[in-house]
1. Of the conditions (1) outside the structural domain of ALA235 (by TED's automatic domain parsing); (2) modelled with pLDDT of 95 or more, ALA127 clears all except one; give me its number.
2. Can you name every residue in region 299-327 that is outside any helix (DSSP H, G or I) and over 12 Å from the mean Cα position of the chain (by Cα)?
3. Determine if region 170-187 includes at least one residue that is assigned to a strand (DSSP E or B), surrounded by 21 or more Cβ atoms within 10 Å (Cβ to Cβ) and among the polar types (S, T, N, Q).
4. Name the one entry in ALA263, ALA285 that is assigned by TED's automatic domain parsing to the domain that holds GLU221, crowded, with 24+ Cβ neighbours inside 10 Å and over 19 Å from the mean Cα position of the chain (by Cα).
5. Return yes or no: is LEU243 farther than 24 Å from VAL77 by Cα, touching a helix residue (DSSP H, G or I) at 6+ places or on another chain (Cβ under 9 Å), assigned to a helix (DSSP H, G or I) and outside the structural domain of ILE141 (by TED's automatic domain parsing)?
6. Any residue in region 204-211 that is crowded, with 22+ Cβ neighbours inside 10 Å and either at pLDDT below 95 or assigned by TED's automatic domain parsing to the domain that holds GLY102 (or both)?
7. Among the residues of region 151-166, what is the count of those that are touching a residue at least 60 places away in the same chain (Cβ under 8 Å) and farther than 26 Å from HIS233 by Cα?
8. Here are some conditions: (1) modelled with pLDDT of 95 or more; (2) among the acidic types (Asp, Glu); (3) crowded, with 22+ Cβ neighbours inside 10 Å. ASP151 meets all but one. Which one does it not meet?
Amino acid sequence: MSNRWITNTVRKSDFLGKSRRGFLGGLGTAGANLSLSSLLAACSSNDQGQRSGIGVPPNTRQLKAAFTNDSLTHTWVAQGKQAAETWGRWFGVDVTWYDGGGSIDRQRKAVDDMASKHWDFVAISSAVGVDTLIQPVQQLIDNGIPVIQMDTVIDSSGSTNITTFIEPDNVFMGEASATALFEKMGGKGKVIMTQGTLGHTGAQGRAKGFYQALAKYPDIELIAKDPANFDAHKAAQLWENYLARYKDIGGGFFHNDDMALAALKVIRNARRNILISGIDAMQPAIQAVIEGEMVATVRNPSGRIHWGALMIGILAASGVKNIPKHILADGPLVTQQNGAGLLFMENQFLL
């Protein structure tokens with residue numbers, strides 16, 4: 001296996017000993033006498049519970065899982081990787097990570113490689129291109145391997161029988177972030193939208209939310225919209241050009257925080273005063289909202305989505321049935337009032 005696939009190997013002793021203390025420490029002070037073993041012992045293993053997933057111990061043996069993403073250069077994805085690997089250590093899952101490198105071809109090769117091996121379950125985040133992974137995903141399913149889809153649609157027809165799809169409400173996130181921006185602009189002025197990857201269903205939803213908000217503000221004019229593919233460097237280049245071209249820019253709306261923060265640096269360097277908002281609520285963006293440097297961001301819960309995929313994968317591999325085909329992983333609009341609490345939850349890989 002190429003060294004670009006990153007393996008997170010876990011010993012069962014880690015799960016039962018040191019990692020358990022780390023797990024409890026991460027959750028905080030739930031109770032001095034509480035332990036993971038006592039939590040699992042309290043779970044029922046009757047047949048009804050096994051079918052429903054209610055009260056079932058997550059797993060009684062070490063499991064193997066494969067995860068893939070679009071690109072680890074995106075901080076949202078890197079955070080999700082940390083969350084999945086951390087929860088894997090806590091719950092006895094060996095996680096092998098395949099980085100798509102921001103390339104349709106590379107991600108397809110990664111999933112082809114996954115499909116050639118045996119796993120207890122597979123989780124796929126942020127397909128670089130919709131409908132590009134259907135064949136190897138179907139091969140995994142045909143081999144009896146549960147497949148959890150995260151964040152982005154794999155099959156636009158919806159006919160691939162995945163175990164479940166865990167996703168944020170991208171339309172809500174786009175509309176909430178844009179609305180906060182437009183309100184801060186006083187309901188008037190010129191705005192630019194910096195988009196993610198156009199073939200990414202999450203970016204499509206965020207654009208839809210933006211336009212829904214824009215329709216409510218007739219005095220706000222969209223003067224430019226261009227894709228930067230969620231890439232900070234590309235966003236910075238775009239904004240260098242915008243600042244040279246447009247003397248009047250009231251606000252910037254960005255499909256993720258990486259791009260927003262990159263553009264903010266360019267705006268500062270040019271000594272321009274432009275309001276910005278983003279999506280994902282990564283830690284630096286939350287801090288920027290708290291300090292008044294960004295108007296808003298909305299949490300796309302990377303931690304919840306990735307640990308959710310891991311836990312659902314454990315349940316599916318353990319024989320739990322009737323897992324819903326769609327699970328919403330929501331997140332709030334970040335404000336100066338709630339920012340500190342959200343930062344804490346993210347740092348514990350809980351949100």
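The values are calculated or read from the model by the stated rules, or taken from the named source; none is laboratory data. Values in this document were obtained by computation on a predicted structure and should not be read as measured data. Note that we place each Cβ from the backbone using ideal geometry, even for glycine, and neighbour counts take in every protein chain shown.
1. Status for ALA127: all satisfied but (2).
2. If the condition is that a residue be outside any helix (DSSP H, G or I) and over 12 Å from the mean Cα position of the chain (by Cα), then SER318, GLY319, VAL320, LYS321, ASN322, ILE323, PRO324, LYS325, HIS326, ILE327 are the ones that fit.
3. No, the conditions are met nowhere in region 170-187.
4. From the options ALA263, ALA285, the qualifying one is ALA263.
5. Judged against the criteria, LEU243 is a match.
6. No, region 204-211 contains no residue that is crowded, with 22+ Cβ neighbours inside 10 Å and either at pLDDT below 95 or assigned by TED's automatic domain parsing to the domain that holds GLY102 (or both).
7. 5
8. With respect to (1) modelled with pLDDT of 95 or more; (2) among the acidic types (Asp, Glu); (3) crowded, with 22+ Cβ neighbours inside 10 Å, ASP151 is out only on (1).
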